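Student: Take a look at the following structure, please.
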Amino acid sequence: MTEPRTPGRRLALLLAAAVLPAAGLGALGAGPAAAAPADDVRLNEVVTTGSVNDSIELHNKGTATVDLSGWILRDSTSSKYTIAAGTTLAPGAFKAFDVHSSFGLGSSDSARLYLADGSTLVDSFSWTSHSDPSWSRCPDGTGAWGRSAALTLGAANDCAGSGGSGGTTTPVAWPGGSTVTTADGSDVFGSDLSGLQQEGGVMWAAQNSGKLWRLVPNGSGGWKPDTANGWGSGKALRFTGGTGTPDDEGVTLTGAGSAGGVYVSSERNADSSSTSRLSVLRYDVSGTGGTLTATREWNLTSDLPSTGSNAGLEGVTWVPDGYLTGAGFKDAATGAAYDPGHYAAHTGGVFFVGVEGTGTVYGYVLLEAGGFTKVATFSSGMAGVMELSWEPQAHRMWVVCDDTCSGQLRTFQVNSGGAFAPTAVYDRPAGMPNINNEGFTPAGADECTGGSKPVYWSDDSNTGGHALRRGSITC
């Protein structure tokens, strides 16, 4: 992310699509429903103010996919937003729509859903004050309407402080030391340093300008560019075919380490910066040349809700199949326990990507042959996701926000229902200023000393001439 983010900025996010379920109406307003399967589609979340104002989410609480082509959303007036042809809503899915181009949702208003005939009312909800930040239904699709503490457009609602799927959303102090120090030389990287991934004595860092860095220890607890094999100034990245410049935001490795390729998440082609291109790309980093061309691209754009071109895939991390099967992870594509054998060759794990604009995390099986299947969707419970990082030692996924959320970090694990759910919400360390941290990675278990190990952040804004900072966390 190269543009500054301010709390009031409209993240041109979503939404021509996001998918999940809904049902009967709550206390503040309800309307008659049409016959099944339309009866299974319900208004589920409404946002009237903030960075994603004028957004309406639908939920399919039924067991069959519903074709929403031509269905109509209205406020309390005759103004209308017509859902695009070919739009469907799968069972249990959520889909959010940004309606501000057609009408605004006021402090005292209504959201109404009609069939394509324009006269059959499927569902409605009315309110008398702004959402602050979200009017949500709990349980999803069937429960009463109320104010939610978190935006969850495109995912399950944050019901009773559960983050929509069980767990906790109460912030606690950082689980480590309060001291934070710089971990790079002065003005080594400049701005736009984003995703981080530590691999033993190497740190991989993605920079938005289409560059990948290989860093090595600098002898004082920090990192410096590797000067061997052409890495001294980082290496330029290109899409497959050798053209285009990925706006790379996140970086991760599989169980094979960098020998199996370095994977980068990108939100657009910087050579066509107004168009989203939500991709995961793999690079062979074994050579000495100054430019790396992707050996594979998984372009997920058509499978994800639309976002602003600068509000797309920020973070990426890989979670091994062994953890997922052992924890009882449920595959959203099959509705059953996740079975790696159901898929062809796929690197032995699932890639999770985080969307900045919606704060939503998606899990994908990326096939070696180039195909993909979405197996998970969950809300981070935060206004945005800037980084994802799997910590093998603790079997937890870190989901990280930047100064938009005052540097908050959350951990997620698979719960008893087979879904990723929050296990802790942490404030940033006391010694960390509220800066534009877009990268995060804990050190490995081998660096634990006295019950503590290092953890690193990257600052996209290069505050004070430094892009890397080091803190500590309990092992």
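The values are calculated or read from the model by the stated rules, or taken from the named source; none is laboratory data. Bear in mind that the values here come from a model prediction, so they are computed numbers and not experimental data. As a convention, Cβ positions derive from the backbone with ideal geometry for all residues, glycine included, and neighbour counts pool all protein chains shown. Just so you know, the surface numbers come from the protein's heavy atoms only, side chains and all, with ligands and any DNA or RNA stripped out. Shrake-Rupley method; radii C 1.70, N 1.55, O 1.52, S 1.80 Å.
Student: Being in a strand (DSSP E or B) and either of a type in the set (Asp, Glu) or under 18 Å from Gly242 (Cβ atoms) (or both) narrows it down to one of Leu278, Leu292, so name that one.
Tutor: Leu292
Student: Next question, about the same structure. Filter region 360-375 down to residues that are aliphatic (A, V, I, L, M) and open to solvent by 10 Å² or more (accessible area, probe 1.4 Å) and give me whichever is nearest to the chain's Cα centre (by Cα).
Tutor: Filtering region 360-375 for residues that are aliphatic (A, V, I, L, M) and open to solvent by 10 Å² or more (accessible area, probe 1.4 Å), the one nearest to the chain's Cα centre (by Cα) comes out as Leu367.
Student: Just need a number here: residues in region 328-350 that are without any contact (Cβ under 8 Å) to a residue 40 or more places away in the chain, aliphatic (A, V, I, L, M) and touching a strand residue (DSSP E or B) at 6+ places or on another chain (Cβ under 8 Å).
Tutor: 2
Student: What's the number of the only condition in (1) open to solvent by less than 50 Å² (accessible area, probe 1.4 Å); (2) more than 26 Å from the chain's Cα centre (by Cα); (3) of a type in the set (Val, Ile, Thr) that Val262 fails to meet?
Tutor: The number of the failed condition is (2).
Student: Same structure, new question: For Ile56, work out the one condition from (1) part of a strand (DSSP E or B); (2) open to solvent by 30 Å² or more (accessible area, probe 1.4 Å) it doesn't fulfil.
Tutor: The single condition Ile56 does not satisfy is (2).
Student: Another question about this same structure. How many of the residues in region 466-475 are touching an Asp or Glu at 6+ places or on another chain (Cβ under 8 Å) and either in a strand (DSSP E or B) or open to solvent by 10 Å² or more (accessible area, probe 1.4 Å) (or both)?
Tutor: 3
Student: If the Cβ limit is 9 Å and pairs must be 6+ apart or interchain, which residue in region 235-246 that is more than 11 Å from Arg268 (Cα to Cα) pairs with which residue that is crowded, with 20+ Cβ neighbours inside 10 Å and hydroxyl-bearing (Ser, Thr, Tyr)?
Tutor: Lys235/Tyr283; Ala236/Thr245; Leu237/Thr245; Leu237/Ser266; Leu237/Tyr283; Arg238/Thr245
Student: Criterion first (in a loop (DSSP other than H, G, I, E, B), open to solvent by 10 Å² or more (accessible area, probe 1.4 Å) and touching a Phe, Trp or Tyr at 6+ places or on another chain (Cβ under 8 Å)) does Thr243 satisfy it?
Tutor: Against the criterion (in a loop (DSSP other than H, G, I, E, B), open to solvent by 10 Å² or more (accessible area, probe 1.4 Å) and touching a Phe, Trp or Tyr at 6+ places or on another chain (Cβ under 8 Å)), Thr243 does not qualify.
Student: Being in a strand (DSSP E or B) and among the β-branched types (Val, Ile, Thr) is the filter here; which residues of region 343-391 pass it? It would help to see each step written out before you state the result.
Tutor: Taking region 343-391 and keeping what is in a strand (DSSP E or B), we get 349-355, 360-366, 372-379, 387-391.
Answer for region 343-391, where residues must be in a strand (DSSP E or B) and among the β-branched types (Val, Ile, Thr): Val350, Val353, Val355, Thr360, Val361, Val365, Thr373, Val375, Thr377.
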